[in-house]
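Structure first, then comments.
The values are calculated or read from the model by the stated rules, or taken from the named source; none is laboratory data. It should be emphasised that the depicted structure is a prediction, and the values quoted were computed from it without experimental measurement. Using ideal geometry, Cβ is built from the backbone for each residue, glycine included, and neighbour counts are taken over all protein chains shown. When the accessible area is computed, the model is the full protein with side chains, heavy atoms only, and any ligands, DNA or RNA have been set aside. Shrake-Rupley method; radii C 1.70, N 1.55, O 1.52, S 1.80 Å.
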Amino acid sequence: MNIIRDVIKPISRGMRITLRHFLGEKQTVFYPEERKEQFRRTRWRHVLLRYENGLERCIGCSLCAGACPVRCIYVEAAENTDEERYSPGERYAKRYEINLLRCIYCGYCQEACPTGAIVLREDYELADYTRESFIATKEMLLEPLPVRDAVAESTTAQE
Amino acid sequence: MPKPKHVEPKLVNIEINGIPLQVPEGELLIEAAKRIGADIPIFCYHKYMKPVGMCRMCLVEIGTKQPDGSVRKMPKPQTACTLPCTEGLVAWTESEQIIKDRRAILEFLLINHPLDCPICDRGGECPLQNNTQFYGPPVSRYIEIKRHLPKAFPLSKYVALDLERCIHCGRCVRFTEEISGDAQLAFLFRGAQMQPHTFQLTEFTSRFSGNVIEICPVGALTSRTYRFRARPWDIVTQKSICSMCSNGCNLYLDSRSGQIVRINARENPAVNETWTCDKGKFEQTYMHAPNRLTQPMRRRGGDWEPISWADAYDLLLARINEARKTGDRQAIAAIAGQRLSNESLYLFQKLFRAAFQTNNIDHRLTRYQGNLQADVAARLGYPTSGIEYGDLESAPLVFVFGSDLIEEQPMIYLRLRKAWRHYGVKVLVAYPLSTPVEEFAEVSLRYPVGGELDLVKALLQRLSDSFPASPSQSPNPVSIDAAASLLAQSPGVIILVGEKAWNHPEAQSLLLALVELAQRLPDGKLALLLPEANSQGALDMGVLPDLLPGYASVDDATARARFEAAYSVPLPAQPGLNTDAIFHACLTGEVQVLYLAGVNPVERHYDPALAERALSACDFVVVQDALMTETAHYADLLLPACTFAESEGTFTNWERRVQRFWKAIEPPGDAKPDWLIFAELWLRTMRQTPPFNPREIMCEISELVPSYADCTYEMLGDQGRRWE
């Protein structure tokens, strides 16, 4: 056995790789403070989008539930009235729930949606403590009202 | 001419897509094509309505075979729905020309269709969607603005009309003209502006309005009660039978998350064809009523105390044993409801006859509580209706006696109207008020309220003395003469006897008079229209004080011996008390324990005051029901039962057709099916193995009741079976 050829040389070669990565660009981030950027088409938690005027895109048609291979979406529809309007047209989703434990994040719901209301986005922090908290309700999924509009509305109201 | 009972059809040779086949002459090509599985898309054609060829969707190429074997082709495509098959007809349903034509028709239909499928209640089960998927163009070339019309216009309490989606097939308009007969819908305007609507935009009040929702091939007519409640893929569909009346319409119950959201008709050509009435379709919601009973309760002073099933059984059996120890046979009595399944009713009578040794059981709340065996069967040979729906079409004359048919028996009304319209069956009606049957009746007899017996006697008199002008109290001697001569001239009259006869103060003499009338007429038949879903089953299952299952008399020792051998206990031989006698015995304190299973005498008995007094006088009242009814307020013990949607079983309709229904939803709370409650009580008193499911109970029934010998679940299938 040749000590130089069989022991030192391979170890130093291995250590060289370690050293290169040690000195090179870091892949890890300080997680809770920093987050890695996700790919644009990453499919994580669902978001229900709104139109620019604040109306919900979702019309409660339940096509997402029909397309879902694991039946994790539950939609209950109701009728819009002129006093209480949630979405354009006749129909809106009164209840919209996704069981995130059952969901396999395949994105079929996004594909089935005729109004582009449901999209899967980058929010990957889905851990929780109880099973119940994995039922994402409509309030949790819905995009917040556009801030710009709220500010504009309040200023016009003040004037 | 009334429809002949049976005709041997003449067969003709035709050829579809190169496949030769023989079909009855005159059969529509569209029906003939189904025989070989050739799919012809349709919109306006409906099996039970006259073909009109309005939508042009069913175009096919046809030709005729020449004597030399060559085929002479028609230059233009023809509609398969209006084309009767004749000898030598040759048709092509999938030729290149036809494929192009279909695509063009669909492109035209879709020009003005809003394509709001995602929010349309028809989306997912829409013939227009399906046909477009299979035969339509992939894209539309129409880029102009579509027409805009009112959305979701409320036509009635149940039906919403969306004019944008209408494709002018005319099915709804034809339904109200041809089938329901009220002709409430019509096409307003012409050409592109055409729209189906009610006259003067009045309310659509037809009793059969729900059917137009089902036959609409697009989402133009939708249900208001089902609006936006579910999509087809959210729904679990289960076969069932309507529980609202004795017509026995076949239904589909569509449920979502344990809630019945919609009821649709299930096709049964022998019963309801494909129709339902609005009562069955929209008003059958009691399974989700807020006053459902969900757990056993006992009365504690003025309050209800929830108890377990075990405690409830203990309490009940303790009271029954106490009452039996007094040695008085009359101490226990029971009344069963007419919406219970055959299986439940059978176990009910078995429990009370064998385990509690009493014949004090009944189910009738009408004034007529006599012995049908003695009154009707002994003379006519059958205890209740010996006729079926199809017989109405082949009878020369149908006499509707004392029944507002459209209210009481909507499906018989539809079939009678069809018989009159298609086969020229004459109709004679006798009712104190104006009824829709009068519109097509040959003669209508309006008698003063309560004058049924006088009327029948007058008719009998006219028939016996070959029409001398005799003085009569009846209002219109002219129409009585006309009616009597009609009756005398038409051999094979069917007399439909309705609610007015059952509740006549002299019900028994009236029934006997009607039996005599039927006997007097040449080949006359009597059909007794029973009030509720399983009234016939209650009679068949022997829920009567004097008859065992299968109409065997309780004092007939040989008949009793058969049941005694099966139950391995002796049965009481004394006929028991009927409903009225039970109530009177409650008042005198003879009946100490009264068991009411699925029955609501305080609302349904002909004399509610008597029922109320009897229930408050009775020592211990057990009410087993699905709902907190008026009667349940008089109970000392409440047992929650299931409705028909939550349990399995069979109903026997007015024409003695035994039909199965299946479990569609889970029962609420601790509610149990009626048969299970009786089986568990049987287990506790008799220490014998109880039957474990309705299928087993039906096996036992088919062994013991000769008329039900063919009615095991395997034999019944999903279309039912009529016992002779």
Report task. Kindly indicate whether any position in the range B:247-258 is under 30 Å from B:Asp391 (Cα atoms), more than 14 Å from chain A (Cβ to nearest Cβ) and open to solvent by 60 Å² or more (accessible area, probe 1.4 Å). Result -> yes
Query raised in the report: Any idea which of (1) in contact with a strand residue (DSSP E or B) (Cβ under 8 Å, 6 or more places away or on another chain); (2) under 23 Å from B:Ile263 (Cβ atoms) is the one B:Glu666 doesn't satisfy?
Result: (1)
Query raised in the report: Quick one: B:Phe199 ticks every box in (1) more than 14 Å from chain A (Cβ to nearest Cβ); (2) touching an Asp or Glu at 6+ places or on another chain (Cβ under 7 Å); (3) not hydroxyl-bearing (Ser, Thr, Tyr) bar one, so which box is it?
Result: (2)
Report task. Quick one: count up the residues across the range B:134-185 that are assigned to a loop (DSSP other than H, G, I, E, B) and more than 30 Å from B:Thr435 (Cα to Cα). Result -> 22
Requested in this report: Could you check how many residues of the range A:71-82 are open to solvent by 40 Å² or more (accessible area, probe 1.4 Å) and more than 10 Å from every other protein chain (Cβ to nearest Cβ)?
Outcome: 2
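One line per residue, one yes/no per condition, for (1) closer than 30 Å to B:Asp314 by Cβ; (2) over 22 Å from the mean Cα position of the chain (by Cα); (3) touching a residue at least 60 places away in the same chain (Cβ under 8 Å):
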{"site": "B:Asp670", "(1), (2), (3)": "yes, yes, yes"}
{"site": "B:Phe678", "(1), (2), (3)": "yes, yes, yes"}
{"site": "B:Thr689", "(1), (2), (3)": "yes, yes, no"}
{"site": "B:Glu696", "(1), (2), (3)": "yes, yes, no"}
{"site": "B:Pro706", "(1), (2), (3)": "no, yes, yes"}
{"site": "B:Gly717", "(1), (2), (3)": "no, no, no"}
{"site": "B:Trp723", "(1), (2), (3)": "no, no, yes"}
Query raised in the report: Is there a residue being surrounded by fewer than 17 Cβ atoms within 10 Å (Cβ to Cβ), modelled with pLDDT of 95 or more and more than 17 Å from the chain's Cα centre (by Cα) anywhere in the range A:63-70?
Result: yes
Report summary line: Being of a type in the set (Lys, Arg), touching a helix residue (DSSP H, G or I) at 6+ places or on another chain (Cβ under 7 Å) and more than 27 Å from B:Ala538 (Cβ to Cβ) narrows B:Arg298, B:Arg262 down to just B:Arg298
Requested in this report: Taking B:Pro75 as the residue in question, decide whether it is part of a helix (DSSP H, G or I) and without any contact (Cβ under 8 Å) to a residue 40 or more places away in the chain.
Outcome: no
Query - Qualifying strands (runs of 3 or more DSSP E) (wholly inside the range B:355-449; at least 1 residues being more than 30 Å from B:Ala333 (Cα to Cα) and open to solvent by 10 Å² or more (accessible area, probe 1.4 Å)) - result: B:426-430, B:443-445
Query raised in the report: Identify, please: which residue in the range B:259-289 is acidic (Asp, Glu) and open to solvent by less than 40 Å² (accessible area, probe 1.4 Å) and is, among those, nearest to A:Ala77 (Cα to Cα)?
Result: B:Asp278
Query raised in the report: Taking into account only those residues within the range B:224-243 that are without any contact (Cβ under 8 Å) to a residue 60 or more places away in the chain and within 11 Å of another protein chain (Cβ to nearest Cβ), which is farthest from B:Thr276 (Cα to Cα)?
Result: B:Asp234
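Okay, residues lined up against (1) within 23 Å of B:Arg339 (Cβ to Cβ); (2) outside any helix (DSSP H, G or I):
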{"position": "B:Trp682", "(1), (2)": "yes, no"}
{"position": "B:Pro691", "(1), (2)": "yes, yes"}
{"position": "B:Ile697", "(1), (2)": "yes, no"}
{"position": "B:Ser707", "(1), (2)": "yes, no"}
{"position": "B:Asp718", "(1), (2)": "yes, yes"}
{"position": "B:Glu724", "(1), (2)": "no, yes"}
Report summary line: With the first residue restricted to the range B:22-48 and required to be within 14 Å of B:Val60 (Cβ to Cβ), and the second required to be hydroxyl-bearing (Ser, Thr, Tyr) and surrounded by fewer than 20 Cβ atoms within 10 Å (Cβ to Cβ), Cβ contacts under 8 Å at 6 or more apart or on different chains are B:Leu28/B:Thr82; B:Pro41/B:Tyr135
Requested in this report: May I ask you to verify whether A:Arg85 is at the interface with chain B (Cβ under 10 Å from one of its Cβ atoms), in a loop (DSSP other than H, G, I, E, B) and either open to solvent by 40 Å² or more (accessible area, probe 1.4 Å) or of a type in the set (Ser, Thr, Tyr) (or both)?
Outcome: no
Query raised in the report: Restricting the search to the range B:295-343, which residues are modelled with pLDDT of 95 or more, in a loop (DSSP other than H, G, I, E, B) and among the hydroxyl-bearing types (Ser, Thr, Tyr)?
Result: B:Ser308, B:Ser341
Report summary line: Counting only helices (runs of 4 or more DSSP H) wholly inside the range B:494-543, the ones holding at least 2 residues that are open to solvent by 10 Å² or more (accessible area, probe 1.4 Å) and not small (Gly, Ala, Ser) are B:499-502, B:507-520
Requested in this report: Working only within the range A:101-148, note down all residues that are open to solvent by 70 Å² or more (accessible area, probe 1.4 Å), closer than 20 Å to A:Ala67 by Cβ and among the small types (Gly, Ala, Ser).
Outcome: none
Query raised in the report: Exactly one of (1) more than 14 Å from chain B (Cβ to nearest Cβ); (2) open to solvent by 100 Å² or more (accessible area, probe 1.4 Å); (3) farther than 26 Å from B:Gly124 by Cβ is unmet by A:Arg45. Its number?
Result: (2)
**Report entry** the range A:88-100 - residue that is among the basic types (Lys, Arg) and open to solvent by 20 Å² or more (accessible area, probe 1.4 Å) and, of those, nearest to the other protein chains (Cβ to nearest Cβ)
**Finding:** A:Lys94
Query raised in the report: Here is a list of conditions, (1) within 13 Å of another protein chain (Cβ to nearest Cβ); (2) more than 30 Å from B:His148 (Cα to Cα); (3) at pLDDT below 95, and A:Phe39 meets all of them except one; can you say which number that is?
Result: (1)
Query raised in the report: Could you say which residue among B:Asn653, B:Asn600 is touching a helix residue (DSSP H, G or I) at 6+ places or on another chain (Cβ under 7 Å), crowded, with 24+ Cβ neighbours inside 10 Å and either under 28 Å from B:Glu305 (Cβ atoms) or outside the structural domain of B:Thr384 (by TED's automatic domain parsing) (or both)?
Result: B:Asn653
Report task. Could you run through the range B:229-242 and say how many residues are crowded, with 24+ Cβ neighbours inside 10 Å and in a loop (DSSP other than H, G, I, E, B)? Result -> 1
**Report entry** Matching residues in the range B:186-204 - criterion: being touching a strand residue (DSSP E or B) at 6+ places or on another chain (Cβ under 9 Å) and either assigned to a loop (DSSP other than H, G, I, E, B) or modelled with pLDDT of 95 or more (or both)
**Finding:** B:Phe189, B:Met194, B:Glu203, B:Phe204
Query raised in the report: Looking at the range B:102-132, which of its residues are more than 14 Å from chain A (Cβ to nearest Cβ) and closer than 18 Å to B:Tyr45 by Cα?
Result: B:Arg102, B:Ile105, B:Leu106, B:Leu109, B:Pro127, B:Leu128, B:Asn130, B:Asn131, B:Thr132
